[in-house]
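Single-structure report; data block below.
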Amino acid sequence: MPIHNREIADVFNRVADLLDIEGENQFRIRAYRKAARIVVDLPRNVGDMVREGEDLTRFSGIGKDLAGKIKEIVETGVLGQLKELEKKTPPDLSRLMKMEGLGPKRVQTLHKELGINDLDGLKKAAEENRIRKLEGFGEKTEKLILEALERMKDEGEKERIKLFAAEQIANDYVDYLKKGRGIKDIAVAGSYRRRMETVGDLDILVTCKKGSQVMERFVEYEDVAKVLSKGTTRSSVVLRTGLHVDLRLVPQVSYGAALHYFTGSRDHNIAVRGLGVKLGLKINEYGVFRGKDEERVAGRTEEEVYRQVGLPYIEPELRENRGEIEAARNNKVPILIRRDDIRGDLHVHTNETDGRQTLEEMVQAAREQGYEYLAITDHSKRVTMAKGLDARRLAKQIDAIDTLNGKVRGIRILKGIELDILEDGSLDLPDDILKELDLTVCSIHYNQNLSRKRMTERVIRAMDNPFFTIFAHPTGRLIGGRKGYEIDLEAIMKAAGERGCVLELNAHPDRLDLDDHNCRMAKEMGLRVVISTDSHSSSDLDFMRFGVYQARRGWLEKDDVLNTRSFSEIEGLLKRK
Ligand SMILES: [Zn+2]
Ligand SMILES: [Zn+2]
């Protein structure tokens with residue numbers, strides 16, 4: 001039974017949550033969370049690796065104990081330790097823990113003192129004003145809890161998963177369905193197709209030849225935990241990861257209309273339908289229909305649907321009703337950047353700091369990506385946890401790169417560093433070593449809780465240094481995790497433009513920072529961005545596509561992105577005046 005990396009990660013995260021509620025040692029809890037991240041990021045299916053007898057302890061962060069647990073999950077589908085923990089602590093408590101204003105300690109108190117095990121119990125207790133009476137809680141907390149519950153209801157209770165994880169699940173499911181007989185078209189619609197950074201559920205559309213058993217095959221998939229409904233044109237399941245998946249079987253004549261309808265966004269669809277109404281057209285998931293007798297005029301393809309309302313095709317990433325319809329009417333839809341426009345990666349780590357591969361291996365991997373150039377940007381000394389480079393070690397790396405540049409063909413290795421911007425806006429290494437580099441990727445890892453004003457000043461001050469080239473992961477957010485620090489990005493972008501600095505769109509699927517709105521703001525301010533993977537292993541170089549998706553959602557074209565340029569062009573562009 002194939003098990004997804006994400007499922008194993010989920011088990012570890014659940015263990016960590018429950019240990020946290022129990023008040024376990026933080027070191028142990030962090031080890032589980034770290035293992036979860038490592039497993040999710042692995043380029044291959046862990047189940048396959050276990051079956052092939054690969055030694056998982058070669059990944060740093062996976063010790064003997066965790067490797068054994070992974071093996072147990074792969075082989076039995078469950079982890080005994082989690083079962084034991086769940087006996088002691090109701091698993092729903094870990095959901096409470098993620099609510100604003102609560103944390104493991106408070107959840108533990110709620111559980112022990114009031115017997116609260118789930119969201120319903122929490123709501124009831126808050127409404128009956130029982131929470132405010134607990135020590136360490138008050139009226140304010142109680143109100144906060146009620147508000148958070150209300151918001152959760154609005155947002156729907158489904159957890160959203162990162163596009164990266166959704167992609168693994170969707171690809172496997174689609175491949176499996178395609179192996180069945182009689183499928184003609186198949187697509188995953190919804191926010192997945194719009195390449196949103198997180199996905200709430202999957203909507204799969206298919207067209208089939210007569211007699212295909214696609215619905216049977218769909219509900220028989222081995223990852224299905226529960227079949228919610230099964231019909232002849234629509235079925236719904238929940239996967240073991242908790243992800244909801246719908247399958248719709250549509251007639252060929254409706255495929256384009258259905259794809260358009262289920263891709264959304266809702267606001268985009270409403271706007272398109274509105275255009276239709278003005279032209280006497282009715283547009284729905286079955287097709288485009290004209291007049292009283294509802295004559296079908298389109299529906300086979302999305303292009304047809306758009307054509308009926310006088311528009312050119314609009315790429316899914318743009319369909320958010322953020323001006324794309326006006327742009328299309330004026331023939332000004334951007335020609336979005338594509339993955340194969342990218343000619344190099346400007347932010348990668350090696351095992352000199354916290355990367356997994358050597359300099360040579362990273363260069364080889366970049367060549368395999370077909371890149372013309374690669375910048376090596378290991379951490380600077382402030383990042384002690386990653387064994388950050390001081391001036392002496394950086395000088396050694398510079399020499400190593402010079403030597404390697406003399407040997408390798410077909411790719412140029414740029415000398416760089418990921419340089420910490422210190423609290424006062426100074427840079428982590430002295431100018432006399434920075435001047436030996438081709439570029440710097442400057443970023444904030446510490447002292448993230450400054451005020452918006454001080455944070456903004458800090459970065460602008462750093463940009464005053466002529467060796468500051470690229471501002472990396474500019475907001476510091478982690479998707480589904482940290483919110484990011486307070487910073488005035490508009491002021492930063494303006495200052496960057498004036499100084500000839502560049503902003504990074506960090507393509508790591510946990511970051512995607514800049515987000516789509518910020519990308520668009522950069523474009524509107526005439527600022528170029530670079531899309532970089534922040535790779536910590538050679539397989540991370542594949543993250544580039546996620547950066548490109550986000551850039552597309554932010555309306556970026558090839559010209560807006562610096563690393564679509566050839567090496568000779570980029571060399572000049574990276575130089576500050
Ligand atoms: Zn960083
Ligand atoms: Zn980095």
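What are the extents of the Cα atoms of the range 161-249 along their three principal axes, in Å, largest first?
Largest to smallest, the principal-axis extents are 37, 24, 19 Å.
Do the alpha carbons of any pairs in LYS435/LYS494; LYS396/LYS523; LYS83/LYS179 sit beyond 28 Å of each other, and which pairs?
Among LYS435/LYS494; LYS396/LYS523; LYS83/LYS179, the Cα-Cα distance tops 28 Å for LYS396/LYS523; LYS83/LYS179.
With the cut-off at 20 Å, tell me which of the pairs LYS71/LYS387; LYS112/LYS483; LYS278/LYS332; LYS34/LYS162; LYS387/LYS575; LYS98/LYS133 have Cα atoms farther apart than that.
Flagged as over cut-off: LYS71/LYS387; LYS112/LYS483; LYS278/LYS332; LYS387/LYS575; LYS98/LYS133.
Against the empirical 2.2 N^0.38 Å scaling, what ratio does the C-alpha Rg of the range 323-419 come to?
1.44
Relative to the compact globular guide of 2.2 N^0.38 Å, what is the alpha carbon radius of gyration of the range 5-155, as a ratio?
In units of the globular-protein estimate, the range 5-155 measures up at 1.21.
Given 5 Å bins starting at zero, what is the percent of C-alpha pairs of the range 307-361 in each, up to the one with the largest pair distance?
Histogramming the range 307-361 at 5 Å steps yields 4, 14, 17, 13, 8, 9, 7, 8, 9, 7, 3, 0 percent.
Using alpha carbon centroids, what distance separates the range 239-286 and the range 10-75, in Å?
40 Å
Using a Debye calculation, one point per C-alpha and no hydration shell, please list log10 I(q)/I(0) for the chain at q = 0.07, 0.08, 0.10 Å⁻¹ in order.
Scattering profile of the chain, log10 relative to I(0): -0.49, -0.65, -1.02.
Roll a 1.4 angstrom probe over the protein heavy atoms and tell me the percent of accessible area of the chain that is carbon or sulfur.
Summing carbon and sulfur atoms, their accessible area is 47 percent of the total for the chain.
Please identify the helices of the chain, taking whole runs of DSSP H, that span at least 27 Å along their own axis as judged from the Cα atoms and have a mean Kyte-Doolittle score of -1.0 or higher.
None clear 27 Å together with a mean of -1.0.
How big is the shadow of the Cα convex hull of the range 339-574, averaged over all directions, in nm²?
11.1 nm²
For the range 502-577, what D do you get in µm² per second when you plug the Kirkwood radius from alpha-carbon pairs into Stokes-Einstein at 10 °C and 1.306 mPa s?
For these conditions, the coefficient is 127 µm²/s.
Peptides 17-23, 173-179: what's the order by average Cβ count within 10 Å, highest mean first?
Taking the mean over residues of other Cβ atoms within 10 Å, the ranking is 17-23, 173-179.
Whole number in Å², please: accessible area per residue of the chain, 1.4 Å probe, ligands, DNA and RNA not counted.
46 Å²
With no solvent and one point per C-alpha, what does the Debye sum give as log10 I(q)/I(0) for the range 95-230 at q = 0.16, 0.21 Å⁻¹?
-0.85, -1.15
Can you find, among VAL237, LEU205, PHE218, the residue sitting farthest towards the positive end of the charge dipole of the range 178-282, where Lys and Arg contribute +1 and Asp and Glu -1 at Cβ?
LEU205
Divide by every residue of the chain the summed helix terms, -39500 (n - 2.57) for each DSSP H run of at least 4, and state the resulting mean residue ellipticity at 222 nm, rounded to the nearest 500 deg cm²/dmol.
-12500 deg cm²/dmol
I want the antiparallel fraction of DSSP beta bridges within the range 325-468, as a percent rounded to 5.
Bridges in the range 325-468 that DSSP calls antiparallel: roughly 10 percent.
For the range 127-150 and the range 342-385, what is the centre-to-centre distance using only Cα atoms, to the nearest Å?
Going from one Cα centre to the other spans 49 Å.
Considering only DSSP beta bridges with both partners in the range 186-249, what is the antiparallel share in %, to the nearest 5?
Around 70 percent antiparallel, to the nearest 5.
Can you give the charge dipole size of the chain about its Cα centre, rounded to the nearest 20 debye, using +1 on the beta carbon of Lys and Arg and -1 on the beta carbon of Asp and Glu?
Around 960 debye, computed over the chain.
The values are calculated or read from the model by the stated rules, or taken from the named source; none is laboratory data. Since the structure is predicted, the reported quantities are computational estimates derived from the model, not experimental observations. Here Cβ is always computed from backbone atoms with ideal geometry, including for glycine, and neighbour counts include all displayed protein chains. Remember, those area values only see protein heavy atoms, side chains included, never the ligands or the DNA or RNA. Shrake-Rupley method; radii C 1.70, N 1.55, O 1.52, S 1.80 Å.
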